[in-house]
Amino acid sequence: MGNTYSQIYIQTVFPVKFRQALISRSWKADLMAVIGNLINETGCQTIIVNGVEDHVHCFFRMNPSLSISEVMKSVKAKSSKWINENGFLTTRFEWQPGFGCFSYAQSQTNSVYNYIKNQEKHHQKRSFRNEYIELLDRFGIEYDAQYLFHEPI
């Protein structure tokens with residue numbers, strides 16, 4: 001077979017370090033666009049990026065020649081650099097180490113898209129912690145609760 005064909009839909013979720021509510025409405029849309037462009041620069045195809053003050057969801061078609069860790073390392077490093085270089089905060093911005101990653105079938109893409117699109121509405125009723133644990137449980141991902149979130153010392 002001469003070419004590689006794939007259809008791999010991935011959602012990643014990652015919070016601001018210590019889950020601080022640092023993403024401001026005044027620059028949130030620009031940040032989401034930057035993250036989407038950074039995903040595209042890796043060779044993946046962004047479907048939607050959205051989040052709230054303390055975390056971000058990315059939904060994209062994965063390039064099978066890359067690892068998800070490579071994509072997220074690039075996206076998180078370059079987006080935090082963008083935030084810091086633009087001086088949006090008086091302190092240094094950082095993402096929490098690690099990320100959540102979930103895969104979907106093509107038949108699920110509309111519901112995932114709408115879920116991510118409506119993040120602000122979802123988080124009027126539910127915290128990021130509860131949302132994230134619910135995702136891990138729904139996907140049958142084992143985790144140790146004491147290492148789930150990077151907490152300040």
Applied in sequence order to region 74-88, the curve 6.51 cos²θ - 1.76 cosθ + 1.60 (Karplus, θ = phi - 60°) yields integer Hz couplings, x standing for Gly and Pro, of 5, 4, 5, 5, 6, 6, 5, 4, 4, 4, 5, 5, 7, x, 5
Here region 136-141 yields Karplus 3J(HN,Hα) values (6.51, -1.76, 1.60; θ = phi - 60°; whole Hz; Gly and Pro given as x) of 4, 5, 4, 8, x, 8
What are the ³J(HN,Hα) couplings of region 50-55, residue after residue, when phi is run through the Karplus curve with 6.51, -1.76, 1.60 and θ = phi - 60°? Round to Hz, x for glycine and proline. 7, x, 10, 4, 10, 6
What share of all Cα pairs of region 16-153, in percent, falls into each consecutive 5 Å distance bin? 2, 9, 19, 23, 23, 17, 7, 1, 0
Just grab the label-to-label distance for Ser67 and Thr4, each label 7 Å out from Cα along the Cβ direction, in nm (one decimal). 1.4 nm
Amide H partners (placed H, <5 Å) of Trp95, local residues excluded: Lys17
Cβ neighbours within 10 Å, averaged per peptide: list 15-25, 117-127 in order, most packed at the top. 15-25, 117-127
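Kindly give the semi-axes, whole Å and largest first, of the ellipsoid equivalent to region 1-63, taking each as the square root of 5 times a Cα gyration tensor eigenvalue. The partial results should precede the final answer.
Details: eigenvalues 152, 27, 12 Å².
Its equivalent ellipsoid spans semi-axes of 28, 12, 8 Å.
How much length would be gained if the chain were fully extended between Phe18 and Phe139, taking 0.36 nm per residue of separation minus their Cα-Cα distance, in nm to one decimal? List each step's numbers first, then the result.
Values: separation 121, 0.36 × 121 = 43.56 nm, distance 2.39 nm.
Working it through step by step, the gained length comes to 41.2 nm.
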Considering Cα pairs under 8 angstrom that are at least six residues apart, work out the relative contact order of the chain and quote it in whole percent. 32 percent
Residue-averaged 222 nm ellipticity for the chain, from DSSP H runs of 4+ at -39500 (n - 2.57), nearest 500: -12000 deg cm²/dmol
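Rule-based calculations on the coordinates, nothing more; no lab input. Worth saying up front: this structure is predicted, and the values here are computed from it rather than measured. Here the Cβ is made from the backbone with ideal geometry for all residues, glycine too, and neighbour counts use every protein chain on show.
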